[in-house]
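So the structure is just underneath, and the comments pick up after that.
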Amino acid sequence: MNDTTSLLSYLATRRSGKPRQLVAPGPSPAQLDAILTIAARTPDHGKLAPWRFVVIDTENRPEFAQMLDKAYRRERPDAGRLEHEAVAAFAHQAPCLIVILSAPDTTSHIPLWEQQLSCGAATMNLLHAAHAHGFAGSWITGWAAYNDEVASALGARGDDRIAGFVFIGTLPDSPEERLRPALGDVMRHWSPEA
Ligand SMILES: Cc1cc2nc3c(=O)[nH]c(=O)nc-3n(C[C@H](O)[C@H](O)[C@H](O)COP(=O)(O)O)c2cc1C
C-alpha cells in the first residue's frame, strides 16, 4: 500500500472508541505534543487561533474529578450516589484527556461563527492526529461542557466555551462500524431552477 492508499483507507474507516473502553498505552508527552501540533494546523480565518487545548494530566485527574463533582452538586443538588459515581468515572476514564476550549477573539471582525467552526475543525484534526499515531480517541460533551463553573475552572473567559472532552487511549478490540448517512441524503447538486 502506498502512502496515499493508506491515508485514504484510514480516512474511509476511522472510528472513535468509547471513552470507557480506552486503556493504556496513551500518547507519550512527545506524541501528545505532536498530536496537538497537528490539531493546531487548522483552517483559521484571520489567524486568530481561536481555540485552546487544556491537558488534564494524570496526576491532576483526582482534583479534576473533585472539581466536576462540586459543579455537579451545585447543578443537581438532588443527585444520588450513582450519578456521582458516573461523574467520577467520566473524570478518570482513558489514559489521556484534553479539553478543547473555543476561545474566540471578540474584538476581531471575523464572525464568532467562523471562529467556532475553526475550533470544531481543530478538534477533528486532534482526533485524526491521535488515530494516525495508532491510538483511538473520542470527542464527547455531556453536562460538564455546558456548566459555567466547569468552564471557568478550566480557564474559560468571556465568550469561551467547552467544545468537547477528547479522550485518547488504546482500544483493545476494533470498534464496530456505525450507521453512516447515505451520500444521497446529505449531498445534492445545486441547480438554478430549484
Ligand atoms: C460536539 C460533539 C459532542 C459529542 N458528545 C457526545 C456525548 O456527550 N456522548 C456521546 O456518547 N457521544 C457524543 N458525541 C458523539 C461521539 O463522538 C461519537 O462516538 C461519534 O459520533 C463517533 O463518530 P465516528 O464513528 O465517526 O468516530 C459527540 C460528538 C460531537 C461532534
For the stretch 19-25, Karplus-derived ³J(HN,Hα) couplings (6.51, -1.76, 1.60; θ = phi - 60°; whole Hz; x for glycine and proline) come out as x, 6, 8, 7, 10, 5, x
What's the extension gain from Met124 to Asn2 if we count 0.36 nm per residue and subtract their Cα-Cα distance? 41.5 nm
Radius of gyration and Dmax over the Cα atoms of the stretch 116-175, both given in Å: 13.3, 41
Could you work out [θ]222 nm for the chain from helices alone, using -39500 (n - 2.57) per DSSP H run of at least four and dividing by all its residues? Round to the nearest 500 deg cm²/dmol. -12500 deg cm²/dmol
Project the alpha carbons of the stretch 1-50 onto their principal axes and report the range along each, largest first, in whole Å. 36, 29, 21
Sorted by Cβ neighbour density within 10 Å, fewest at the top, the residues Glu59, Glu149: Glu59, Glu149
Post the alpha-carbon centroid distance, the stretch 81-97 to the stretch 11-71, in whole angstrom. 16 Å
Could you tell me the calculated FRET efficiency between Thr37 and Ala153, based on Cβ-Cβ distance and R0 = 35 angstrom, to the nearest 0.05? 0.85
Could you work out, for the chain, what percent of all Cα-Cα pairs fall into each 5 Å distance bin, beginning at 0 Å and stopping at the bin that holds the largest distance? 1, 7, 14, 16, 17, 16, 12, 9, 4, 2, 1, 0, 0
Just subtract the alpha-carbon distance of Tyr146 and Ala182 from 0.36 nm times their residue separation and send over the number in nm, one decimal. 9.8 nm
Log entry: pair-distance distribution for the stretch 149-194, C-alpha pairs binned every 10 Å from zero, whole % per bin is 16, 21, 19, 31, 12, 1
Rounded to whole Å and sorted largest first, what semi-axes of the equivalent ellipsoid does the C-alpha gyration tensor of the stretch 43-100 yield via the square root of 5 times each eigenvalue? 29, 15, 9
Based on Cβ point charges of +1 for Lys and Arg and -1 for Asp and Glu, what charge dipole magnitude is obtained for the stretch 37-145 about its Cα centre, in debye rounded to the nearest 20? 60 debye
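No value in this document is a laboratory result; all are computed from the given coordinates. Keep in mind that what you see is a predicted model, and the values were worked out from it rather than measured. No Cβ is skipped: glycine too gets one built from the backbone with ideal geometry, and neighbour counts run over all protein chains shown.
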